[in-house]
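Peer 1: Can you read through this structure? Questions will come right after.
What follows is calculated from the coordinates using simple rules that are stated; it is not laboratory data. What you see is a predicted model; the values in this text were computed from it and never measured. Glycine also receives a Cβ, built like all others from the backbone with ideal geometry; neighbour counts cover every protein chain displayed.
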Amino acid sequence: MLSLKSRLYSILFWSVISAAFIGPGTLATASSAGALYKLDLTWALVFATVACIVLQEMAARLAVVNNRSLSAILRDQRIKWPAWFVGFSVILGCAAYEAGNILGAISGIGVLLNINTQLLTVMVGLTAGGILWFGGISFVAKILGALVAVMGLVFVGVALQIDIPTHDLAQGALIPSIPSGSGWLVLGLIGTTIVPYNLFLGSGLGRGRALHEMRFGLITSVTLGGLISIAILITGTQISELTSFLDLARLLGNELGPWAYILMGSGLFAAGLTSSITSPLAAAVISQDLFIHKNNTHRVILYRLGWMVVLITGMIFGLLEAKPLPVILAAQALNGLILPIVGVVLIIKTNDPALLGDHINSKWLNILSFVVLEILLLIGLNNLWSALDRAMSIELPNDMVKILLIQLLAIPFLVYTLKKIMDLRRTT
């Protein structure tokens, strides 16, 4: 049994995962879902939270039981290039989106104070860099846990002041519905919760942890993160259309009072700052595990080099007030491939007795993981298709054709995963 102190520390430590997926992107997507469809898409966030728990638990279990992270397991395969491709793609994604994370934090401060944007960029970058430089992973986790707690209190506090019928909320959360035109927003809600680099980050953090402690802390913190996302969606129901975070804060201030305006600015700042830290942190963890095997000195160098490259890249684009569209498109396309690939690898590896012994997936967990994999494939292949469409202007008759095409592309992944699991089970 875990003591109360151990439970609280575990929740705080694993709040890194929540900090990573509740960023400016989640804030924009969830509030837009509330603005456009009220509570109808709440179920998508409930599903995304469950799916995130399933995948993150599998990634962390690999590290806890086998004492090797997902990056290290990929590195140790006989064929090296897939691991390098995945690692490079995830780190590129971290770098491409870091500018958005920093700008999200700046938007939060901008709601409250009128300060020069470039000065704010430097301040946010130096704050994130200072936390990463002077603290180890445990220290960074505690800082992020505290920021997530503040962010959670802010958004939940605002949501509780909104008059939402309990029946409507329960119906939106438990009964799936996809109103006309909301299909891609549903995928967006799930995609902002299940982040590719988070799986590597969670696996890297799992080494040296006890299995029951990891499960308690991870499940609790991700559940709390899901509740924060739902609170953001509820907040979004108070507006008819989301044009900017400043407009959202002003409208809430008019509806609920000046305190709501201040809280929204604080919440956006916390969301942006946590993502500004976790994105470089994930790149650092992946770098040291993927490219270095034993040399501890080189591991420390790569750890710091990994987060510095991502953070500095984000700061440069922020200072230039430029959107690195080609890089973002490339990262989006690559991460569209990575998400299902990592999902396939996770499911196969957590069914391998040679790695996990008696801690392999149960039958029911495999069934649930295949449902999650199907959604991951739709999200990943849709992201890849969207990137190609923007780059090449691919014309399709309608969305139904697109969905059918994506589903056909997903079938080989599902069949391959099932075959590998059956082969592993036959050999035991």
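Peer 1: With r defined as the distance between the Cβ atoms of residue 175 and residue 7 and R0 fixed at 30 Å, what FRET efficiency is calculated, to the nearest 0.05?
Peer 2: That pair, residue 175 with residue 7, gives E of 0.35.
Peer 1: In nanometres, what is the gap between the two model label sites at residue 123 and residue 299, each 7 Å from Cα along Cα-to-Cβ?
Peer 2: Modelled inter-label distance: 3.8 nm.
Peer 1: Still on this structure, I have one more. Using 22 Å as the Cα-Cα cut-off, could you pick out the over-long pairs in 363/419; 363/420; 349/402?
Peer 2: Values: 363/419 15 Å; 363/420 15 Å; 349/402 31 Å.
Where the Cα-Cα span goes over 22 Å, the pairs concerned are 349/402.
Peer 1: A further question follows. Below 8 Å between Cα atoms, with a sequence gap of 6+, how large is the relative contact order for the chain in percent?
Peer 2: Relative contact order for the chain comes out at 32 percent.
Peer 1: Please report the base-10 log of the normalised intensity I(q)/I(0) for region 169-233, using a Debye sum with one equal scatterer per alpha carbon and no solvent, at each q in 0.13, 0.16, 0.26, 0.28 (1/Å).
Peer 2: These q points yield log10 I(q)/I(0) values of -0.51, -0.72, -1.23, -1.30.
Peer 1: For region 4-322, what is the Kirkwood hydrodynamic radius in Å, using each pair of distinct C-alpha atoms?
Peer 2: One over the average 1/r among Cα pairs gives 19.7 Å for region 4-322.
Peer 1: Got a sec to turn the phi values of region 351-359 into Karplus ³J(HN,Hα) couplings, 6.51 cos²θ - 1.76 cosθ + 1.60 with θ = phi - 60°, whole Hz, x for Gly and Pro?
Peer 2: The phi angles translate into 10, 9, x, 5, 8, 10, x, 7, 9 Hz.
Peer 1: Take the alpha carbon atoms of region 355-382, find their center, do the same for region 1-50, and report the distance between the two centers in whole angstrom.
Peer 2: What the calculation gives is 20 Å, centre to centre.
Peer 1: Using a Gaussian network model of the chain with C-alpha springs under 10 Å, which one of 271, 149, 284 is most mobile by mean-square fluctuation?
Peer 2: 149
Peer 1: With charges set only on the Cβ (+1 for Lys and Arg, -1 for Asp and Glu), what does the dipole of region 4-322 come to about its Cα centre, in debye to the nearest 20? Can you show the working numbers first?
Peer 2: Values: 16 positive and 12 negative charges, 290 e Å.
Around 1400 debye, computed over region 4-322.
Peer 1: Have a look at 34, 298, 55 and report the one farthest towards the positive end of the charge dipole of the chain, computed about the Cα centre with Cβ charges (Lys/Arg +1, Asp/Glu -1).
Peer 2: Most positive-ward Cα: 298.
Peer 1: Spelling out what I want: for every residue of region 127-134, take phi, set θ = phi - 60°, compute 6.51 cos²θ - 1.76 cosθ + 1.60 (Karplus), and round to whole Hz; glycine and proline get x.
Peer 2: Running phi through 6.51 cos²θ - 1.76 cosθ + 1.60 with θ = phi - 60° gives 5, 4, x, x, 5, 6, 6, 8 Hz.
Peer 1: With θ taken as phi - 60° and the coefficients 6.51, -1.76 and 1.60, list the Karplus ³J(HN,Hα) couplings across region 231-236 in order, rounded to whole Hz; mark glycine and proline as x.
Peer 2: 4, 5, 4, 4, 4, x
Peer 1: Can you tell me what percent of all Cα-Cα pairs in region 86-208 are more than 17 Å apart?
Peer 2: Value for region 86-208 (Cα pairs over 17 Å): 76 percent.
Peer 1: Now for a different question. Once you've got the GNM for the chain with C-alpha springs shorter than 10 Å, pick whichever of 262, 53, 164 has the biggest mean-square fluctuation.
Peer 2: Of the options given, 164 has the highest mean-square fluctuation.
Peer 1: Give me the compactness ratio for region 1-135, meaning the Cα radius of gyration over 2.2 N^0.38 Å.
Peer 2: 1.33
Peer 1: Oh, and also: Across bins of 5 angstrom width beginning at 0, how are the C-alpha pair distances of region 1-58 distributed, in whole percent?
Peer 2: Percent of Cα pairs in each bin: 4, 15, 18, 21, 18, 12, 7, 4, 1.
Peer 1: How far, in nm, would the chain grow between residue 423 and residue 254 when pulled straight, counting 0.36 nm per residue and subtracting the alpha carbon separation?
Peer 2: Length gained between residue 423 and residue 254: 54.7 nm.
Peer 1: Let me ask you something else. Picking from 15, 177, 362, which is most flexible by a Gaussian network model of the chain using Cα springs under 10 Å?
Peer 2: 362
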